[in-house]
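The values are calculated or read from the model by the stated rules, or taken from the named source; none is laboratory data. Keep in mind that this is a model prediction, so the values were computed, not measured. Every residue, glycine among them, receives a Cβ derived from its backbone with ideal geometry; neighbour counts consider all protein chains shown. Protein only, heavy atoms only, side chains kept; ligands, DNA and RNA dropped before computing areas. Shrake-Rupley method; radii C 1.70, N 1.55, O 1.52, S 1.80 Å.
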Amino acid sequence: MCDCKQGVKFAGTVEQEEKLKAIIEEYKQMQGALMPILQKAQDLYGYLPIEVQKMIAKGLEIPLEEVYGVVTFYSQFSLAPKGKYKVSVCLGTACYVKGSGDIYEKFVRELGVKDGACTEDGMFSLEACRCIGACGLAPVITVNEDVHGRLTVGDVEKIIATYKAKG
Ligand code: FES
């Protein structure tokens, strides 16, 4: 089964755990240590599963609820693994009136995932987002750091093919 599916068993390595412990030690004494630790932990694991949150709570000697509360409050943190290519379709007003809802639905049909989930092969995850400040290019999507604007439903297959070709 795919490692990237929500609910799949956590598969962190000993090496990752050692690195996380070192990160916790580095920031532990700092005020507001939780945020930078979570950011670095997400860089390390790609997301923040409950197992990682438990390690952080233990390392900082704070309740797991506190860690979980911060992780779920900030949209930059993810509880589920992401694909190699993270597709975000802007459903902000300017994009929506120009058809981004249909573009999102087209991605759902083509990739077979939605709501932040990722494909079986781990290549793509798909989510909707709010305005990213590029309304002049509406409708807009991002794929990792790349911004694609003035799209139509007809562009979706081409975009997917482009990233698949990159491997
Ligand atoms: S509404 Fe989509 S970029 Fe602003």
Highest-first arrangement of 51-59, 26-34, where packing means the average Cβ count within 10 Å: 51-59, 26-34
Assigned charges on the beta-carbon of Lys, Arg, Asp, Glu; the chain dipole about Cα centre (debye): 360 debye
Stokes-Einstein diffusion coefficient of the chain, Kirkwood radius over Cα pairs, 37 °C, 0.692 mPa s, in µm²/s: 190 µm²/s
K86 accessible area, assembled protein chains, probe 1.4 Å, Å²: 80 Å²
A128 long-range amide H proximity, modeled H, under 5 Å: V89, D115, G116
Peptides 88-96, 116-124, 145-153 ordered by average Cβ neighbours within 10 Å, highest first: 88-96, 116-124, 145-153
Local electrostatic count at G99 - Lys and Arg +1, Asp and Glu -1, tallied over other residues with Cβ under 13 Å: 0
Placed amide H near G92: partners under 5 Å, 5+ positions off or other chain: C131
Electrostatic dipole magnitude of the stretch 85-166 [Cβ: Lys, Arg +1; Asp, Glu -1; Cα centre; debye, to 20]: 200 debye
Cβ charges +1 (Lys, Arg) and -1 (Asp, Glu), total dipole of the stretch 2-73, debye: 120 debye
Options V71, V14, G167, ranked by Cα towards positive dipole end of the chain, top entry (Cβ charges): G167
Cα lying deepest toward the dipole's positive end in the chain, options M30, L44, C118, charges on Cβ: C118
The chain - percent relative contact order, Cα under 8 Å, separation 6 or more: 21 percent
In range of the label at C131: residues from the stretch 84-99 whose backbone nitrogen is under 15 Å from the point 7 Å along Cα→Cβ: 90-98
Residues in the stretch 147-167 that a label on D121 would reach, taking backbone N under 13 Å of a point 7 Å out along Cα→Cβ: 160-167
Residue-averaged [θ]222 nm for the chain, counting only DSSP H segments that reach four residues, each worth -39500 (n - 2.57): -13500 deg cm²/dmol
Above-threshold pairs, the threshold being 23 Å between Cα atoms, out of K106/K158; K19/K86; K98/K158; K21/K86: K19/K86; K21/K86
Accessible-area value, Y68, 1.4 Å probe, nucleic acids and ligands omitted, Å²: 100 Å²
Gain on full stretching of the segment that runs from T72 to M35 - 0.36 nm per residue minus C-alpha separation: 12.1 nm
Ellipsoid equivalent to the stretch 2-73 - semi-axes via the Cα gyration tensor, in Å: 20, 14, 10
